[in-house]
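Below you'll find the structure, written out as structure tokens, and then a few comments.
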Amino acid sequence: MTGVQVELDLAKIGANARVLVDRLGVAGISVTGVTKAALGSPELAAVLVDAGVAALGDSRIENLERLRAAGIGAPTLLLRSPMLSQVDRVVRSADVSCNTEPAVIRALSAAAGAAGVQHGVVLMVELGDLREGIHPPDVCAIAASTLALPHLALTGIGTNLACRNGISPDDRNMQVLSALASSVEAMCGVTLDVVSGGNSANLAWFDTTSDTGRVNDLRLGESILLGLEPLRRRPIPGLHTDTVTISAEVIESKRKPSLPWGTSEQAAFGRAEPVLDRGDIWQTIVAIGHQDTDPNGLRPPPGATILGASSDHLVLETTCRVEPGGSMTFRPDYSALLRAMTSPFVTTVPAVERGHRRR
């Protein structure tokens, strides 16, 4: 292997998805499998569908278009609020979209009419994390206005937590969501098919609550892909955590001083952290950097320590010289995986059982 590649162990990822589908299914909660961290990989999507997810969710319409072009027929959900400039594409490739803005919902109605389709709308509610969402007192009114528009179906309501400010899903905010769902139904005379409680961060709440209320859907990405819960990045019992690796080629390995010399100012990505003088060390550089991934989200192999990174170089301390042309393998967190999958300089290799095939 040369260059930089991400390898996804699809067998283990599929096993993770099946465990979560079964575990949540006992409580009547379905799983929307999120493909965004894998750039809408059709291979991943097929594995998730085989594992029993109810739908596929992605934040980018380009990824949903990729799934449609690959012949993936599962229901699709656009997770990020649609851009007004993309509503025509949204109604063609997403069965349902998450929404907060009435102007966008009206534009989706017009686009769906022009395309001759019916488009589903999930209204997202703000419950404290201060990312996207409708203020709870306004939800019923926006639900009523959505129902009055042609070519749309009010599919449900949902919320998102633990993304911007790390606000945890708990019984209090999930009960608020459940009560809002019942209020919308009572006021508007409809039945909501979906009450989407959130993402992988909801699993800790699910494991401890005695009442899941009206929540009947969770949108899961990190837990399926990495086997971790996002609140504390702890392994989830019963799931594989060795599902993804990032490998990068060694381009230099030399004995160098541990302490830089000269006048110190800002580095490429801000001021560098102070360094202790530990004498000469083996400094090894691999061909990956901020342009390719989140260096802070990489776990190096045993015996190696990440010292820093620039746009294109990851600098490590190793116990001995590592021959250029070889590779070093890292375990990524969700941030590192997401950025690596987006880089055009990183090759993705979905591992299928004992063999490999490229996307």
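Has region 16-31 got at least one residue that is touching a His at 6+ places or on another chain (Cβ under 6 Å) and more than 21 Å from residue 195 (Cα to Cα)?
Yes; the residues of region 16-31 include at least one that is touching a His at 6+ places or on another chain (Cβ under 6 Å) and more than 21 Å from residue 195 (Cα to Cα).
Do we find a residue being surrounded by 17 or more Cβ atoms within 10 Å (Cβ to Cβ) and assigned to a loop (DSSP other than H, G, I, E, B) anywhere in region 89-98?
Yes, the conditions are met somewhere in region 89-98.
Considering only residues that are farther than 20 Å from residue 318 by Cβ and surrounded by 12 or more Cβ atoms within 10 Å (Cβ to Cβ), which ones fall in region 239-267?
239, 240, 241, 243, 244, 267
Restricting attention to region 266-288, does a residue exist that is under 27 Å from the mean Cα position of the chain (by Cα), assigned to a loop (DSSP other than H, G, I, E, B) and either more than 22 Å from residue 37 (Cα to Cα) or among the hydroxyl-bearing types (Ser, Thr, Tyr) (or both)?
Yes, region 266-288 contains a residue that is under 27 Å from the mean Cα position of the chain (by Cα), assigned to a loop (DSSP other than H, G, I, E, B) and either more than 22 Å from residue 37 (Cα to Cα) or among the hydroxyl-bearing types (Ser, Thr, Tyr) (or both).
Given (1) under 16 Å from residue 225 (Cβ atoms); (2) touching a Leu at 6+ places or on another chain (Cβ under 7 Å), where does residue 50 come up short, assuming only one miss?
(2)
Taking the criterion of being part of a loop (DSSP other than H, G, I, E, B), modelled with pLDDT of 95 or more and over 22 Å from the mean Cα position of the chain (by Cα), would at least one residue in region 156-172 satisfy it?
Taking every residue of region 156-172 in turn, none turns out to be part of a loop (DSSP other than H, G, I, E, B), modelled with pLDDT of 95 or more and over 22 Å from the mean Cα position of the chain (by Cα).
Answer yes if at least one residue in region 152-161 is surrounded by fewer than 15 Cβ atoms within 10 Å (Cβ to Cβ), among the aliphatic types (A, V, I, L, M), free of Cβ contacts under 8 Å to residues at least 40 places away in the same chain and assigned by TED's automatic domain parsing to the domain that holds residue 59, and no otherwise.
Looking through region 152-161, none of the residues is surrounded by fewer than 15 Cβ atoms within 10 Å (Cβ to Cβ), among the aliphatic types (A, V, I, L, M), free of Cβ contacts under 8 Å to residues at least 40 places away in the same chain and assigned by TED's automatic domain parsing to the domain that holds residue 59.
Do you know which of the residues in region 112-123 that are surrounded by 21 or more Cβ atoms within 10 Å (Cβ to Cβ) and either aliphatic (A, V, I, L, M) or touching a Lys or Arg at 6+ places or on another chain (Cβ under 9 Å) (or both) is nearest to residue 90 (Cα to Cα)?
112
Name the residue that is surrounded by the most Cβ atoms within 10 Å (Cβ to Cβ), counting only residues in region 66-88 that are hydrophobic (A, V, I, L, M, F, W, C) and within 24 Å of residue 159 (Cα to Cα).
The residue in question is 77.
Name the one entry in 15, 112, 46 that is under 27 Å from residue 131 (Cβ atoms), in a helix (DSSP H, G or I) and either hydrophobic (A, V, I, L, M, F, W, C) or out of contact with any Ser or Thr (no Cβ under 9 Å at 6 or more places or on another chain) (or both).
Of 15, 112, 46, the one residue that is under 27 Å from residue 131 (Cβ atoms), in a helix (DSSP H, G or I) and either hydrophobic (A, V, I, L, M, F, W, C) or out of contact with any Ser or Thr (no Cβ under 9 Å at 6 or more places or on another chain) (or both) is 112.
Testing residue 270 on (1) free of Cβ contacts under 8 Å to residues at least 12 places away in the same chain; (2) surrounded by 18 or more Cβ atoms within 10 Å (Cβ to Cβ), one condition comes back false. Which one is that?
Result: residue 270 fails condition (2) only.
The values are calculated or read from the model by the stated rules, or taken from the named source; none is laboratory data. These figures come from a predicted structure and were not determined experimentally. Cβ: placed from backbone, ideal geometry, glycine included. Neighbour counts: every protein chain shown.
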